[in-house]
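What follows is a set of notes on a single structure, which appears directly below.
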């Protein structure tokens, strides 16, 4: 399988005798900062940029047996660009709920008075929604699981998890407004 990159230059090739095994660890040490800069530039968020950089090197590991050991800087730049653009496209297609911040703020309330108020609000909230919605909220917002991990854990689709989180946020906003 050949994926064209640039004017007639293949990025991946079928295994050939001329291919040389690449040292991914050495690439990570040498080109990691460059890849991170590219990811920061495109994503404009440090945490997301670090995650994307790691994904770049994971892809390099997955395909190392099919890569040529020439122009690694360009190769990594192209992979980083693709990874970041895919993340940006994905974020546009399925945006995280902005209301999640409110639920997260309640879940992580610091002082005693705030915790008491938060407990009361959460009790009223969870009294109005199915128990499975409570589980979803805890798994995703408190335990930090991704939507995909949460969906697998509770046996729903990702869109089902999103729908439950939106419903929770909607009920919470109504309760907070009251």
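Subtracting the Cα-Cα distance of residue 149 and residue 25 from 0.36 nm times their residue separation leaves 41.8 nm of extension gain. Taking label points 7 Å from Cα along the Cα-to-Cβ direction, residue 73 and residue 138 give a separation of 5.2 nm.
Take the Cβ atoms of residue 166 and residue 116, set R0 to 22 Å, and the FRET efficiency comes out at 0.25. Each residue, residue 175 and residue 37, gets one label point 7 Å from its Cα in the Cβ direction; the gap between the two is 4.9 nm. As a calculated quantity, the FRET efficiency between residue 86 and residue 126 at R0 = 45 Å, using C-beta atoms, amounts to about 0.80. Full extension of the segment from residue 59 to residue 46, taken as 0.36 nm per residue of separation minus the current Cα-Cα distance, would add 2.7 nm.
None of the figures in this text is laboratory data; all of them are computed from the coordinates on show. As the structure is a prediction and not an experimental result, all values here were calculated from the model. We place every Cβ from the backbone using ideal geometry, glycine too, and count neighbours over all the protein chains shown.
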